[in-house]
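Note sheet for the following structure.
Quick note: the coordinates plus some simple rules give every number you see, no bench work behind them. Just so it is clear, the model here is predicted, and its values are computed rather than measured. Here Cβ is always computed from backbone atoms with ideal geometry, including for glycine, and neighbour counts include all displayed protein chains.
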Amino acid sequence: MSPRIIAFSGWSGTGKTTFLSAVISILADRGWKVAVIKHYGHTDKDLRRKERLLSLPKDTERYRQAGAISADLITGPWSEEELASLSIRMTAAGADLILAEGFKSSKLPKFCFAKDDIMLKAFFPENCLGWIGYPETKEEQIWFQSDDHEGVAIYIEKLMKGEIAWLTSP
């Protein structure tokens, strides 16, 4: 059986890489074999974006240092087939959980990052497991503070153990 993929999605600068690195460390310390896929979807020629693209290998290295058994990068447009192929390779390498950074437009279950009302209103995916980083404003949603790495790790473990229902089928 392929491991589940859980995405951490939001706009640039919302703290996804830092947050995800901390969650990886907690899960790895508890014995989970975590693999990571980072998606960088920007394809424009803006100089700032080029500089960011050059720093991406540092992000995947951060994930490895945090305890990920594998960390890969997808840039630009991606396909479900590419994601499935990478997931199969990570599973073969021993991953029992894949965490993904980015993939805002995917149907993957995801934790959503927002820093203000504009992000909150503009970015509300149907497969949002919970919000990270913005004060709670909707009772029906699950919210985590931007430093609650432990809470998110516990939530992920409960999902993986079947103690909490998934939003989508495997």
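Checking the table 58/104; 16/161; 16/158; 104/161; 115/158; 33/161 against a 19 Å threshold on Cα-Cα, which pairs fail? Provide the component values of the computation, followed by the final result.
Values: 58/104 21 Å; 16/161 24 Å; 16/158 21 Å; 104/161 25 Å; 115/158 26 Å; 33/161 14 Å.
Violating the 19 Å limit, Cα to Cα: 58/104; 16/161; 16/158; 104/161; 115/158.
Expressed in nm to one decimal, what extension gain is obtained for the pair residue 165 and residue 116 from 0.36 nm per residue of sequence separation less their Cα-Cα distance?
Values: separation 49, 0.36 × 49 = 17.64 nm, distance 2.84 nm.
That works out to 14.8 nm of additional length.
Quick one: if you stick a label point 7 Å off each Cα along the C-beta vector at residue 145 and residue 75, how many nm between them?
3.8
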